[in-house]
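Read the structure below first, then the notes.
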Amino acid sequence: MLVHVAPELVFRAWTDSAALLQWLPPKGMHARFERFDMREGGSYRLALVYDDASEAPGKTTADADVSDVRISRIVEGSRIVQEVDFESDDPAFQGTMTMEWRLRADREGTTVEFEARNIPSGIRARDHAEGLTSSLANLAGYLEP
């Protein structure tokens, strides 16, 4: 996805807790951090809460997906690798998912790339793609004038 701002602004939006709370939750959700230490070797605990959980029950509670995220790698201005564990009693949502965000300068702004590996079997590919697309659209809306 192309975001029409400089890479340093996108990277700042990735690493600032207030910014993440604004753009990361997919449509129909809001977020809160239970802790936040964004640095290589750091971690955070994030709750994504459904605005209406009647059609999309949460992985952790009826209305929330809670995850513990470890920051395994940060390359200033260009890359963040995270190890994500969902808090869930359902074995289909257990296991560690790796999420990698990459930035590349483009003459029109910044290309944002995302890759997820080892996605728990309980997360349907379509739902995952829709959530990520929504978050990336939120990022563009948050950053672009």
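The values are calculated or read from the model by the stated rules, or taken from the named source; none is laboratory data. Because the structure is a prediction, the values reported are computed rather than measured. Ideal geometry is used to build each Cβ from the backbone, glycine not excepted, and the neighbour counts take in all protein chains shown.
Condition (residue is buried (at least 19 other Cβ atoms within 10 Å of the Cβ), in contact with a helix residue (DSSP H, G or I) (Cβ under 8 Å, 6 or more places away or on another chain), at pLDDT 95 or above and under 23 Å from GLU130 (Cβ atoms)) applied to segment 75-82: is it met by at least one residue? The answer is yes, given that some residue of segment 75-82 is buried (at least 19 other Cβ atoms within 10 Å of the Cβ), in contact with a helix residue (DSSP H, G or I) (Cβ under 8 Å, 6 or more places away or on another chain), at pLDDT 95 or above and under 23 Å from GLU130 (Cβ atoms). Counting the residues of segment 107-145 that are part of a helix (DSSP H, G or I) and surrounded by 11 or more Cβ atoms within 10 Å (Cβ to Cβ) gives 17.
For segment 78-100, the condition holds for at least one residue, the condition being that it is over 22 Å from ASP16 (Cβ atoms), among the hydroxyl-bearing types (Ser, Thr, Tyr) and in a loop (DSSP other than H, G, I, E, B). Looking across segment 47-77 at every residue that is part of a strand (DSSP E or B) and among the small types (Gly, Ala, Ser), the one that is farthest from ASP106 (Cα to Cα) is identified as ALA64. Annotation for segment 90-103: no member residue is touching a His at 6+ places or on another chain (Cβ under 8 Å) and not small (Gly, Ala, Ser).
Summed over segment 103-145, the residues that are among the acidic types (Asp, Glu) and more than 10 Å from VAL3 (Cα to Cα) give a count of 4.
If only residues of segment 47-63 that are surrounded by fewer than 19 Cβ atoms within 10 Å (Cβ to Cβ) and of a type in the set (A, V, I, L, M) are counted, the one that is modelled with the highest pLDDT is VAL49.
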